[in-house]
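Visitor: Structure provided below as structure tokens; questions to follow.
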Amino acid sequence: QQQVKQSPQSLIVQKGGISIINCAYENTAFDYFPWYQQFPGKGPALLIAIRPDVSEKKEGRFTISFNKSAKQFSLHIMDSQPGDSATYFCAASGSFGNEKLTFGTGTRLTIIP
Amino acid sequence: GAVVSQHPSWVICKSGTSVKIECRSLDFQATTMFWYRQFPKQSLMLMATSNEGSKATYEQGVEKDKFLINHASLTLSTLTVTSAHPEDSSFYICSARGRDRGTNSPLHFGNGTRLTVT
């Protein structure tokens, strides 16, 4: 019940396109859903996070869409750029983020010119 | 913004030796620090949760006598890999959460330590 399932495992998107990564969770106690970006040899960096009281959150080119009834959330990267090429992890936590994070399996995103 | 510094960034050691990795919160006080392990092209696996001044809580399957965690101050936690073996070779990452943070307290991650045991 603690799993967070992430798809796809890898994704190739053309520059300027929209990158979409999906996650699904099982634990209904989760109430904080962040996305992290990780470059090779570096630690993850927080991109954007959402709570289940809203269905969408946008920060610049990054948008999280959240479907509470389906227990799914997704990351959309608009106008994808080569610099966005990285591995993206979704995660989930309870107590509004004050508990330990459960990470998804990761998506390796490659933006091609 | 909040910065977590991890040192060293990479280390090579011989089998049977011990290695200490430091994790420091540079501009905030971290009441809780987490230690993760990441194998190539895989997700982050939580090893243990460390609270300042108390014993770390280890995840199932993590040997507490092999991976010693100390969180002696609000800005420093250390992970010591004792009697390292080649199978301990991995990328170790710490993260920290500040004190008196409200809801949605974000975790700040260090840049990781690449451990290679020969």
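The values are calculated or read from the model by the stated rules, or taken from the named source; none is laboratory data. Since the structure is predicted, the reported quantities are computational estimates derived from the model, not experimental observations. Here the Cβ positions follow ideal geometry from the backbone for every residue, glycine too, while neighbour counts run over all protein chains shown. For the accessible areas, the whole protein counts, side chains as well, though only heavy atoms, and no ligand, DNA or RNA atoms are used. Shrake-Rupley method; radii C 1.70, N 1.55, O 1.52, S 1.80 Å.
Visitor: Only strands (runs of 3 or more DSSP E) wholly contained in the stretch B:5-118 count here; list those with 2 or more residues that are in contact with a helix residue (DSSP H, G or I) (Cβ under 7 Å, 6 or more places away or on another chain).
Guide: B:113-117
Visitor: Tell me, which residue of the stretch A:12-36 that is assigned to a strand (DSSP E or B) and over 19 Å from A:Gln72 (Cα atoms) is farthest from the other protein chains (Cβ to nearest Cβ)?
Guide: A:Gln14
Visitor: Quick check, is A:Ser69 part of a loop (DSSP other than H, G, I, E, B) and either open to solvent by 70 Å² or more (accessible area, probe 1.4 Å) or of a type in the set (S, T, N, Q) (or both)?
Guide: yes
Visitor: Which numbered condition trips up A:Thr110, out of (1) within 14 Å of chain B (Cβ to nearest Cβ); (2) surrounded by fewer than 16 Cβ atoms within 10 Å (Cβ to Cβ); (3) part of a loop (DSSP other than H, G, I, E, B)?
Guide: Exception for A:Thr110: condition (3).
Visitor: Can you say whether B:Cys94 is surrounded by fewer than 19 Cβ atoms within 10 Å (Cβ to Cβ) and among the hydrophobic types (A, V, I, L, M, F, W, C), as far as the supplied structure shows?
Guide: When the stated conditions are applied, B:Cys94 does not pass them.
Visitor: Do the conditions hold for B:Ser50, that is, is it more than 26 Å from A:Thr105 (Cβ to Cβ) and out of contact with any Leu (no Cβ under 7 Å at 6 or more places or on another chain)? Full working, then the answer.
Guide: Working: more than 26 Å from A:Thr105 (Cβ to Cβ): no; out of contact with any Leu (no Cβ under 7 Å at 6 or more places or on another chain): yes.
So B:Ser50 does not fit the description; no.
Visitor: Could you check the stretch B:50-97 and list, in sequence order, the residues that are touching a residue at least 60 places away in the same chain (Cβ under 8 Å) and in contact with a strand residue (DSSP E or B) (Cβ under 7 Å, 6 or more places away or on another chain)?
Guide: Scanning the stretch B:50-97 gives B:Thr80, B:Val81, B:Thr82, B:Ala84, B:His85, B:Pro86, B:Tyr92, B:Ile93, B:Cys94, B:Ser95, B:Ala96, B:Arg97.
Visitor: Can you tell me which residues in the stretch A:72-96 are assigned to a loop (DSSP other than H, G, I, E, B) and away from chain B (no Cβ under 14 Å)? It would help to see each step written out before you state the result.
Guide: Of all residues in the stretch A:72-96, those assigned to a loop (DSSP other than H, G, I, E, B) come to A:78-81, A:85, A:94.
Of everything in the stretch A:72-96, those that are assigned to a loop (DSSP other than H, G, I, E, B) and away from chain B (no Cβ under 14 Å) turn out to be A:Met78, A:Asp79, A:Ser80, A:Gln81, A:Ser85.
Visitor: If you don't mind, there's one more thing I want to ask. Of the residues B:Gln42, B:Gln38, which single one is touching a Ser or Thr at 6+ places or on another chain (Cβ under 9 Å), open to solvent by 10 Å² or more (accessible area, probe 1.4 Å) and closer than 20 Å to B:Pro8 by Cα?
Guide: Working: B:Gln42 fails: closer than 20 Å to B:Pro8 by Cα.
Of the residues listed, the single one that is touching a Ser or Thr at 6+ places or on another chain (Cβ under 9 Å), open to solvent by 10 Å² or more (accessible area, probe 1.4 Å) and closer than 20 Å to B:Pro8 by Cα is B:Gln38.
Visitor: A further question follows. Which one of the conditions (1) over 30 Å from A:Lys5 (Cα atoms); (2) out of contact with any Ser or Thr (no Cβ under 9 Å at 6 or more places or on another chain); (3) open to solvent by less than 50 Å² (accessible area, probe 1.4 Å); (4) of a type outside the set (Val, Ile, Thr) does B:Phe28 fail to meet, given that it meets all the rest?
Guide: Exception for B:Phe28: condition (2).
Visitor: Just checking, which of B:Lys55, B:Lys64 is under 12 Å from B:Ser77 (Cα atoms) and more than 13 Å from chain A (Cβ to nearest Cβ)? Walk me through it before giving the result.
Guide: Details: B:Lys64 fails: under 12 Å from B:Ser77 (Cα atoms).
Of B:Lys55, B:Lys64, the one residue that is under 12 Å from B:Ser77 (Cα atoms) and more than 13 Å from chain A (Cβ to nearest Cβ) is B:Lys55.
Visitor: Where residues in the stretch A:46-65 are of a type in the set (Lys, Arg) and within 14 Å of chain B (Cβ to nearest Cβ), which of them is farthest from A:Phe103 (Cα to Cα)?
Guide: A:Lys57
Visitor: Considering only residues that are touching a strand residue (DSSP E or B) at 6+ places or on another chain (Cβ under 6 Å) and away from every other protein chain (no Cβ under 11 Å), look in the stretch B:99-116 and name the one that is modelled with the lowest pLDDT.
Guide: B:Arg99
Visitor: Mind checking which residues of the stretch A:97-107 are part of a strand (DSSP E or B) and not aromatic (Phe, Trp, Tyr)?
Guide: A:Thr102, A:Thr107 - these are the residues of the stretch A:97-107 that are part of a strand (DSSP E or B) and not aromatic (Phe, Trp, Tyr).
Visitor: A further question follows. Consider A:Lys57 against the criteria (1) modelled with pLDDT of 95 or more; (2) buried (at least 17 other Cβ atoms within 10 Å of the Cβ): it satisfies all of them except one. Which criterion is unmet?
Guide: Looking at each condition in turn, A:Lys57 falls short on (2).
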